[in-house]
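The values are calculated or read from the model by the stated rules, or taken from the named source; none is laboratory data. These numbers come from a predicted model, not from an experiment. Please note: Cβ atoms are built from the backbone with ideal geometry, for glycine as well, and neighbour counts cover all protein chains shown. For accessibility, only protein heavy atoms count, side chains too; no ligands or nucleic acids. Shrake-Rupley method; radii C 1.70, N 1.55, O 1.52, S 1.80 Å.
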Amino acid sequence: MDDPIDDAGVRRTIEAVARASYGRLLAYLSRETRDVAGAEDALSETLLAALTTWPKDGVPRQPEAWLLTAARHRLIDESRRRRVRTEHEDTVRLLTLESATAAITEDTFADRRAELLFVCAHPAIDPSLHTPLMLQTVLGLDAARIAQAFLVPPATMGQRLVRAKRKILEAGIPFELPRQEDLPQRLDAVLEAIYAAYGLGRDEVAGVDQPGLALAGEAVWLARVVLDRLPDEPEIHGLLALMLFCDARSAARRTPDGHYVPLSEQDTAAWSAAAIREAETELADASRLGRIGRFQLEAAIQSVHVERAQTGRTDWAAIVVFYEHLVQLAPTLGARVAQAAAVAEAHGAAAGLAELDRIDRSSVASYQPFWAVRAHLLRQAGETSAAAEVDDAYDRAIGLAQDPATRQFLLDRRG
Amino acid sequence: MKYVMLIYETPPNLESRKDPGHDPYVAAWKAYHKALVAAGAYVSGAPLKDMATATTVRLRDGKRRVQDGPFAEAKEQLGGFAILDVPSIDAALEWAARCPTAASGAVELRPIDDDFFANFVDG
């Protein structure tokens, strides 16, 4: 059998394998040595080597097993090199690797990505690095791309990630799922980090800044990885439901020429019925498990919003009740500001403004949603609001916005 | 920590100054300035007059060279600057991202070298 070796085809295969398997391969490799950076190097060298040898020898029957075995050999070689210079801890690592290498011939190996996600969100690691670490290790995104999403200079992000991975190794962070008693807190950190990648503001309030769904697909993908391992954790279902409800409305958020469309004015026909259905299923799965949590409450609020597609109206009274519970569980600025907006819809602008006044003003000096809601409510309150106060609130909301579409929307409303 | 924000504007940005009462870019800038001040991040700053009003001075071989125009000719020109005082580079970057010029021109952030400056300001 003499098929011509198709270089472009081989390249595509490697890319496909790399994309689909990177996270699983890396998680498996780094678990043994706890050296994420070392595993990344070994894996990327191996992928490069595959690009040279596979066009000549053909794509292996079990490409993942080939990559895993080759990467592990590189790790062993590297450990040996270091052992010559350092001491006994490398010996342990070496022996672990050698004994385990014999075992791998199957083309499916245990999926350790969930463990890797828990490592990335470990309390010993700076919370601002949880999400970047997940994106780099489980998704294989490069540091420069992650830097863009988080508004950090690329070189700085690279350095921070290197330091974080060194911390994982030196602090002895274990690559395992947390014990039952630690799980709620540890899981919440993982879910928060995944939601941070999703990056959308609460678009149920007109004029709240939405700098962009930076890595929405990646966030949903990560949530599914965790759900796969922990199908009986309701908050994971809740987070997935929340993100899917938000996804469902993405086409309706902007006009074709890029103008901001507030939720109350969105064309419900442009909402994705399929995404809504899936979100509802996840929310139902969550509630069957019988343990409420912040992400389930957020998802429940979104579920009320999308009812407008069926009923033509929004049940703000129900939303107010959900926010009361949410703010008790997780009194973030975002939840409290959104609660004020919901209270205003249910009980009038004055009631909403009173809620806003309960928030410490110094904590919102740079928090755009507060000012967007305040401006909106002051305007609605009519003559009881001084014109200068209304303008000032709009100016603050405009000046704090990062998305030009939000800015323009608020400028138009300010008048 | 203090940063200088250098604001590089496009020709349309600069055109907008002709209609300061109505232009949305100017309105956005007024709001941005207000937000910076209200948040306690603004130390000082100023818009600059057009590139055509710039004069560049050099001294070479004992001779003065004075030329019309800015130091560097470029499509985007330095339209203004601001000095910020914020807790960290992260906060400075958030403000840079909010700057209306970021969407069309460019915003450069540079830390002020306070340590070096201390050599000048002394008793």
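The table that follows gives values for the structure above.
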| read-out | value |
| --- | --- |
| Qualifying residue in segment B:83-91 (condition: open to solvent by 30 Å² or more (accessible area, probe 1.4 Å) and within 21 Å of B:Asn13 (Cα to Cα)) | yes |
| Condition broken by A:Thr314, with the remaining ones in (1) in a loop (DSSP other than H, G, I, E, B); (2) within 13 Å of chain B (Cβ to nearest Cβ); (3) among the hydroxyl-bearing types (Ser, Thr, Tyr) satisfied | (2) |
| Residue within segment A:188-201 that is at pLDDT 90 or above, under 17 Å from the mean Cα position of the chain (by Cα) and acidic (Asp, Glu) present | yes |
| Answer residue from segment A:404-415, given it is within 23 Å of B:Ala41 (Cβ to Cβ) and buried (at least 21 other Cβ atoms within 10 Å of the Cβ) and is nearest to the other protein chains (Cβ to nearest Cβ) among those | A:Arg407 |
| Some residue of segment B:66-81 being within 16 Å of the chain's Cα centre (by Cα), within 14 Å of chain A (Cβ to nearest Cβ), within 30 Å of A:Ser363 (Cα to Cα) and surrounded by 14 or more Cβ atoms within 10 Å (Cβ to Cβ) | no |
| Residue check, A:Arg24 within 26 Å of the chain's Cα centre (by Cα) and open to solvent by 20 Å² or more (accessible area, probe 1.4 Å) | yes |
| Where B:Ala103 falls short, out of the listed (1) of a type outside the set (Ser, Thr, Tyr); (2) within 12 Å of chain A (Cβ to nearest Cβ); (3) surrounded by fewer than 17 Cβ atoms within 10 Å (Cβ to Cβ); (4) within 12 Å of the chain's Cα centre (by Cα) | (4) |
| So B:Val121, is it of a type outside the set (S, T, N, Q), assigned to a strand (DSSP E or B), open to solvent by 70 Å² or more (accessible area, probe 1.4 Å) and over 27 Å from A:Val364 (Cα atoms) | no |
| All positions within segment A:371-399 that are more than 12 Å from chain B (Cβ to nearest Cβ) and not aliphatic (A, V, I, L, M) | A:Arg374, A:His376, A:Arg379, A:Gln380, A:Gly382, A:Glu383, A:Thr384, A:Ser385, A:Glu389 |
| Test: residue in segment B:11-30 that is within 14 Å of chain A (Cβ to nearest Cβ), closer than 21 Å to B:Pro87 by Cα and surrounded by 15 or more Cβ atoms within 10 Å (Cβ to Cβ) | no |
| Residue within segment A:194-204 that is out of contact with any His (no Cβ under 7 Å at 6 or more places or on another chain), over 19 Å from A:Phe150 (Cα atoms) and assigned to a loop (DSSP other than H, G, I, E, B) present | yes |
| Pick from segment B:38-59, criterion among the aliphatic types (A, V, I, L, M) and closer than 21 Å to B:Ala106 by Cα, ranking: nearest to the other protein chains (Cβ to nearest Cβ) | B:Ala41 |
| Unmet criterion (only one of (1) within 13 Å of chain B (Cβ to nearest Cβ); (2) among the acidic types (Asp, Glu); (3) open to solvent by 30 Å² or more (accessible area, probe 1.4 Å)) for A:Asp360 | (1) |
| Any hit, segment A:179-190, residues being in contact with a helix residue (DSSP H, G or I) (Cβ under 6 Å, 6 or more places away or on another chain) and within 14 Å of another protein chain (Cβ to nearest Cβ) | no |
| Every residue from segment A:236-275 that is open to solvent by less than 30 Å² (accessible area, probe 1.4 Å) and not in a helix (DSSP H, G or I) | A:Arg249, A:Arg253, A:Tyr260, A:Val261, A:Pro262, A:Gln266, A:Trp271 |
| Those residues of segment A:302-341 which are touching a Phe, Trp or Tyr at 6+ places or on another chain (Cβ under 7 Å) and either touching a residue at least 60 places away in the same chain (Cβ under 8 Å) or among the basic types (Lys, Arg) (or both), in sequence order | A:Gln302, A:Ser303, A:Val306, A:Val337, A:Ala338 |
| Lone qualifier among A:Ala342, A:Ala335 - being in contact with a Leu (Cβ under 9 Å, 6 or more places away or on another chain), under 19 Å from A:Gly207 (Cβ atoms), buried (at least 19 other Cβ atoms within 10 Å of the Cβ) and not acidic (Asp, Glu) | A:Ala335 |
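Residues checked against (1) within 25 Å of A:Ala342 (Cα to Cα); (2) out of contact with any Leu (no Cβ under 8 Å at 6 or more places or on another chain):
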position	(1), (2)
A:Arg163	no, yes
A:Lys167	no, yes
A:Ile173	no, yes
A:Gln180	no, yes
A:Leu183	no, no
A:Ala196	yes, yes
A:Gly199	yes, no
A:Ala216	no, no
